[in-house]
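Every number in this text was worked out from the coordinates using simple rules, so none of it is lab data. Every value quoted in this text rests on a predicted model; they were computed, and no experiment measured them. Here the Cβ is made from the backbone with ideal geometry for all residues, glycine too, and neighbour counts use every protein chain on show.
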Ligand SMILES: Nc1ncnc2c1ncn2[C@@H]1O[C@H](COP(=O)(O)OP(=O)(O)OP(=O)(O)O)[C@@H](O)[C@H]1O
């Protein structure tokens, strides 16, 4: 069984038909890049995968969990196995870098916050958190407030927090959209190194076509609520990917934005708990 399986997925918001019958699997260890213009339905798909939005029809299996049928407990167990990386990092700015990484272990402990809040966290958890920070090159910043770091550094802390969680699947929602091109490349290099080393399965939404072609094993391109193209990244040219941004791209019938393959700023999906 694949860690991510989607069949016939449909979602409406009122009269707007946002997801129009999506079908795809992501096999274990694959890094899939999800592309598509603003308003084509990417975030709605990501929210459905993690159980934050209820589809109208179709099936979703995430790490063997039937997301549409799962009760609270099953959903919580599934979310422990699925890490998230967000456009705006979602760190607790007034907490230390180390504390933010420790929060990655929150879902693993029955006593929750009592096991991960810094004065109470056992030495082995702190050591693991330092090890994760070391992996992203920021062990020397452990005691610093998270909001004093640069954007690129904050995203590296978010990757360390994801490592601390130890998920099998990672959903990354425009992880480099808030970063300049150089910091964005560094973060993509690190994220891809980490997920390869750990053998994680990934869906990563991006708006930069060159980055998608450079990193993805696979590209899934959405247009107006449908999968328009899907295949190995090596099989697509930048011109083919550009077609995702032309014509009727949005699900709400509004015109697409000129230069639509740019990097929009918007709210992240939400924190999975
Ligand atoms: N909770 C909601 N209620 C009503 N409409 C929604 C809701 N969430 C999304 N939509 C609508 O669904 C459509 C697709 O939105 P979605 O955020 O999934 O697109 P997207 O491809 O992620 O765009 P972007 O790249 O800008 O994030 C839009 O028309 C949006 O207004």
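What the table below lists for this structure:
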read-out: The range 1-70 - percent relative contact order, Cα under 8 Å, separation 6 or more; value: 40
read-out: The range 75-188: C-alpha gyration tensor shape, a/c 1.5 cut-off, then a/b vs b/c; value: oblate
read-out: Three-way shape label, the chain, alpha-carbon gyration tensor, a/c 1.5; value: prolate
read-out: Likely footprinting exposure, 246, 17, 207, fewest C-beta neighbours within 10 Å first; value: 246, 17, 207
read-out: Alpha-carbon centroids, the range 31-74 and the range 186-204: separation in whole Å; value: 20
read-out: Value of relative contact order over the range 79-210, rounded to a whole percent, pairs C-alpha under 8 Å and six or more apart; value: 34
read-out: Sorted by Cβ density within 10 Å, fewest first, the residues 24, 236; value: 24, 236
read-out: Principal-axis tilt of helix 151-165 within the chain, Cα atoms, nearest 10 degrees; value: 80
read-out: The chain: relative contact order as a whole-number percent, Cα under 8 Å and 6+ apart; value: 27
read-out: Considering only the chain, percent of DSSP beta bridges that pair antiparallel, nearest 5; value: 55
read-out: The range 163-266: proportion of alpha-carbon pairs further apart than 22 angstrom, %; value: 34
read-out: Convex hull volume per residue for the range 118-184, taking Cα atoms only, in Å³; value: 105
read-out: The chain - mean residue ellipticity at 222 nm from DSSP helices (-39,500 (n - 2.57) per run, n ≥ 4, rounded to 500); value: -9000 deg cm²/dmol
read-out: Centre separation in Å (Cα based) which lies between the range 226-249 and the range 136-181; value: 29
read-out: The range 1-146: C-alpha gyration tensor shape, a/c 1.5 cut-off, then a/b vs b/c; value: prolate
